[in-house]
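*Asks:* Have a look at this one.
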Amino acid sequence: MSSSLLTYFPYSNLRPHQDKLILLSKNVIKNGLNAIIEAPTGIGKTLGILAGVLPELITHDMKLLYVCRTHTQMTRVIEELRAIVAKRGHHIKGISIGGKHVMCLKSNVRNIPDAEILNDTCNAIKKKCHFFQRTKGFNIESLLDELNKCPMTSQDVYKFSKMHGLCPFELQKKLLPNMDVITLSYQYFFNPILRYYVIERFIELANCFIILDEAHNLPSIVKSIISLKLKLSSIKNALEEVQTYPHIVQLKNPETISDFLSNIYVKTIEYARSKRRENKEVKITSRKEKDTFRSHISLCTDLDKQGINFLIDRIIAWGERIREYRAKSENVARSSLYRVGKFLKSMEKAVTDPVFEVILKKQKLPSKETYLLELISFDPRPITQPLFDRVYGSIAMSGTMQPLNAFADVVGLNTPLYEAFSSPYNTDNFLVLGVSKLHSKGGGRKMLLGMQNAYVDRLTEVIRNTDGNIGVFCASYDILSLLETPLSKKVDELGKFLFVEQANMPSYLSERMVGEFKKFGDLGGAVLLGVMGGRNSEGQDFPGRTMSSVCIVGVPFSQFNIRTKLEIQYYERAFPRKGRLYAYIIPAMRRAAQAAGRVIRSLSDRGIIIFMDQRYLYRTYNRFLPLWLRENMKQVNIKPGNLGKKVISFFN
């Protein structure tokens, strides 16, 4: 490779395929293209792409927006920039953008758990916040000199701001026009409101090149941004506000709003019960009539469409006044009336726009049962497609992007370049197995005892003979709970420890558990029992002996409920004959591939990946796995002892 192409590469040696990645990235930005790249961990994607795009970026005075899923990944980009600056002597100004929940110096604001309420509270108290006021007049030249020498993380900006009595969140926005590289979360780039107030007011997107890290998450993240949730208990809280804050607004008949909300609360639950599906999700929207949303609300009130619209607007206005009042008196801009009104108004989208549906589901909490209304979106394209059209160019990359054209379809990326990199790993360092005649069809509740025992026996063979820690990732919590007790006994008999992931486990407890699990890698080994699609199967690195074997138990299809059926139907309309593929099969294969990738995190790692479901041996499914997994998968018979021999042979 020409030395000129390595101007921004800080090390003397390239990893396998990294030269090809640099050339590809340079071509994409030079010609203002979009590219979708699948590349396994170990190639050095971050540094390779930076080395490819930075020369063009600096020459043409563009900005690089590096979009990541986690703060850890954002920090990693800044660290690579620091290496380039330190070892190559380039002046590159870069920062990572932190959210208000980590950047605010006021602990009473920073600790508000609800992001929307935190943001509203911050906006309400800005005028009397001395940190905010001081930042407006702060001269950033001295800080720019520091950034020229060393790119900063959001925590670096936080520390600087704290030392000088400035608002860290506002300071980072003030710096943006002068930055070359900005790392930020998916929320700050794809949430239209956040993007406008934090990004677009300061920089022009047409002059930005975009890199999307872990881009396989993009469709689900954007759909969650568009979707809304409302607990029905919020309507009860809104009714209490009507009684508590009548003096905030002057209404002739406030009881009209009380009656309206009460009827919606009671009759929506009655509607769910009338479907005799109290413990499942119930679709509220129906497009058999021209005005479906109003048809549902009309079941709750005698008002006509104009009257209902008027009341919803009054509810929102009343809620806004309550938020202002509580921000002054309680330092928290909170109002259930406002939240309920905004949700009811947003529900109107489901009337004419088939992208949306409204679903009511019953939730069982530890102390009570409650209902949840969800306005769900099945299509990220209304947000993603216009953005891809506006920016100068982009690279979407991940280790699990197959099939690449399906990703392009779902996010609305027109005529992109496609590139799938083969494995950089020495094939002697890993073993990929698919176990025949083993399956989790029917899920945990309907699994036959014989199949359950077969799973436990095969898992025991792997655990007994693995040199290091073992990860066992199940298709669902039902399967996990079915295997937990018998597997725990086997693990105890082998003198090892079992760590079990719990549904809705707080992140700090999960991190603590995983930290303890990793310690056993050099102490005889332990077992981590979790689920695919969870934070431990996608958001964690297990290098070396912290995970030497990983077992993929079942195929992680979404639960086939009304939500999944509606999504399949939507994609079938949008992409004929591909509905089930795009909404059901491909997402499951990506979850499985992410879990499988936990065991090989670097070129020096050694490990075994075992797909414990015969469906992974079928081309119908495995063609959607990354190249390096499907090309190296070997079939092993379910017969007792076969799997154990393979494991012993590999580690010996």
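The values are calculated or read from the model by the stated rules, or taken from the named source; none is laboratory data. Just so it is clear, the model here is predicted, and its values are computed rather than measured. Please note: Cβ atoms are built from the backbone with ideal geometry, for glycine as well, and neighbour counts cover all protein chains shown.
*Asks:* Output the residues belonging to the stretch 563-610 that are closer than 30 Å to Phe430 by Cβ and among the acidic types (Asp, Glu).
*Replies:* Correct list: Asp605 only.
*Asks:* A follow-up question, please. Given the criterion surrounded by 12 or more Cβ atoms within 10 Å (Cβ to Cβ), at pLDDT below 95 and basic (Lys, Arg), identify the matching residue among Arg630, Arg619.
*Replies:* Details: Arg619 fails: surrounded by 12 or more Cβ atoms within 10 Å (Cβ to Cβ).
Just one listed residue meets the conditions, Arg630.
*Asks:* If you scan the stretch 437-464, which residues turn out to be within 15 Å of Cys551 (Cβ to Cβ) and not in a helix (DSSP H, G or I)?
*Replies:* Scanning the stretch 437-464 gives Leu438, His439, Ser440.
*Asks:* Would you mind telling me which numbered condition in (1) at pLDDT 95 or above; (2) surrounded by 22 or more Cβ atoms within 10 Å (Cβ to Cβ) Gly554 fails?
*Replies:* Status for Gly554: all satisfied but (1).
*Asks:* Quick one: how many residues across the stretch 301-323 are closer than 21 Å to Asn237 by Cβ and charged (D, E, K, R)?
*Replies:* 5
*Asks:* What's the total number of residues in the stretch 133-157 that are buried (at least 20 other Cβ atoms within 10 Å of the Cβ) and more than 12 Å from Leu175 (Cβ to Cβ)?
*Replies:* Here the count works out to 1.
*Asks:* Still on this structure, I have one more. Regarding the stretch 202-224, can at least one residue be identified that is in contact with a Gly (Cβ under 6 Å, 6 or more places away or on another chain) and either assigned by TED's automatic domain parsing to the domain that holds Ile78 or surrounded by 16 or more Cβ atoms within 10 Å (Cβ to Cβ) (or both)? Steps first, please.
*Replies:* Going residue by residue through the stretch 202-224, those that are in contact with a Gly (Cβ under 6 Å, 6 or more places away or on another chain) are 209.
Those still in the list that are either assigned by TED's automatic domain parsing to the domain that holds Ile78 or surrounded by 16 or more Cβ atoms within 10 Å (Cβ to Cβ) (or both) too: 209.
Yes, that holds for at least one residue.
*Asks:* When the residues of the stretch 605-635 are narrowed to those that are in contact (Cβ under 8 Å) with a residue 40 or more places away in the chain and part of a loop (DSSP other than H, G, I, E, B), which ends up nearest to Gly554 (Cα to Cα)?
*Replies:* Asp613
Here's the yes/no breakdown for (1) of a type in the set (A, V, I, L, M, F, W, C); (2) modelled with pLDDT under 70; (3) outside any helix (DSSP H, G or I):
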site: Ile297; (1), (2), (3): yes, yes, no
site: Leu303; (1), (2), (3): yes, no, yes
site: Phe310; (1), (2), (3): yes, no, no
site: Trp318; (1), (2), (3): yes, no, no
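*Asks:* If only one of Leu50, Leu54, Leu81, Leu65 is of a type in the set (A, V, I, L, M, F, W, C) and outside any helix (DSSP H, G or I), which one is it?
*Replies:* Values: Leu50 fails: outside any helix (DSSP H, G or I); Leu54 fails: outside any helix (DSSP H, G or I); Leu81 fails: outside any helix (DSSP H, G or I).
Only one candidate qualifies: Leu65.
*Asks:* Would the stretch 210-231 turn up any residue that is over 20 Å from the mean Cα position of the chain (by Cα) and assigned to a helix (DSSP H, G or I)?
*Replies:* Applying the first criterion (over 20 Å from the mean Cα position of the chain (by Cα)) to the stretch 210-231 yields 230-231.
Of the ones still in play, those that are also assigned to a helix (DSSP H, G or I) are none.
Taking every residue of the stretch 210-231 in turn, none turns out to be over 20 Å from the mean Cα position of the chain (by Cα) and assigned to a helix (DSSP H, G or I).
*Asks:* Can you tell me how many residues in the stretch 320-333 are among the aliphatic types (A, V, I, L, M) and in a helix (DSSP H, G or I)? It would help to see each step written out before you state the result.
*Replies:* So the first thing to find is which residues in the stretch 320-333 are among the aliphatic types (A, V, I, L, M), and the list is 322, 327, 332-333.
Add one more test, that the residue is in a helix (DSSP H, G or I), and what stays is 322, 327.
The qualifying residues number 2.
*Asks:* Mind telling me which of the residues Ser227, Ser233, Ser185 ends up being touching a Cys at 6+ places or on another chain (Cβ under 7 Å), closer than 27 Å to Tyr338 by Cβ and touching a residue at least 12 places away in the same chain (Cβ under 8 Å)?
*Replies:* Values: Ser227 fails: touching a Cys at 6+ places or on another chain (Cβ under 7 Å); Ser233 fails: touching a Cys at 6+ places or on another chain (Cβ under 7 Å).
Testing whether each residue is touching a Cys at 6+ places or on another chain (Cβ under 7 Å), closer than 27 Å to Tyr338 by Cβ and touching a residue at least 12 places away in the same chain (Cβ under 8 Å) leaves just Ser185.
*Asks:* Would you be able to say whether some residue in the stretch 579-589 is at pLDDT below 90, within 24 Å of Arg458 (Cα to Cα) and out of contact with any helix residue (DSSP H, G or I) (no Cβ under 6 Å at 6 or more places or on another chain)?
*Replies:* Our first condition is that a residue be at pLDDT below 90; within the stretch 579-589, this holds for none.
Looking for residues that are at pLDDT below 90, within 24 Å of Arg458 (Cα to Cα) and out of contact with any helix residue (DSSP H, G or I) (no Cβ under 6 Å at 6 or more places or on another chain), one finds none in the stretch 579-589, hence no.
*Asks:* With the structure loaded, tell me whether Leu65 is of a type in the set (A, V, I, L, M, F, W, C), more than 16 Å from Tyr8 (Cβ to Cβ) and surrounded by fewer than 19 Cβ atoms within 10 Å (Cβ to Cβ) or whether it fails that test. It would help to see each step written out before you state the result.
*Replies:* Working: of a type in the set (A, V, I, L, M, F, W, C): yes; more than 16 Å from Tyr8 (Cβ to Cβ): yes; surrounded by fewer than 19 Cβ atoms within 10 Å (Cβ to Cβ): no.
In short, no.
*Asks:* Could you check the stretch 280-295 and list, in sequence order, the residues that are under 14 Å from Met347 (Cα atoms) and either at pLDDT 65 or above or in a loop (DSSP other than H, G, I, E, B) (or both)? Walk me through how you get there before you give the answer.
*Replies:* If we filter the stretch 280-295 for residues that are under 14 Å from Met347 (Cα atoms), which is where we start, we get 283-287, 291-295.
Residues satisfying the conditions are Lys283, Ile284, Thr285, Ser286, Arg287, Asp291.
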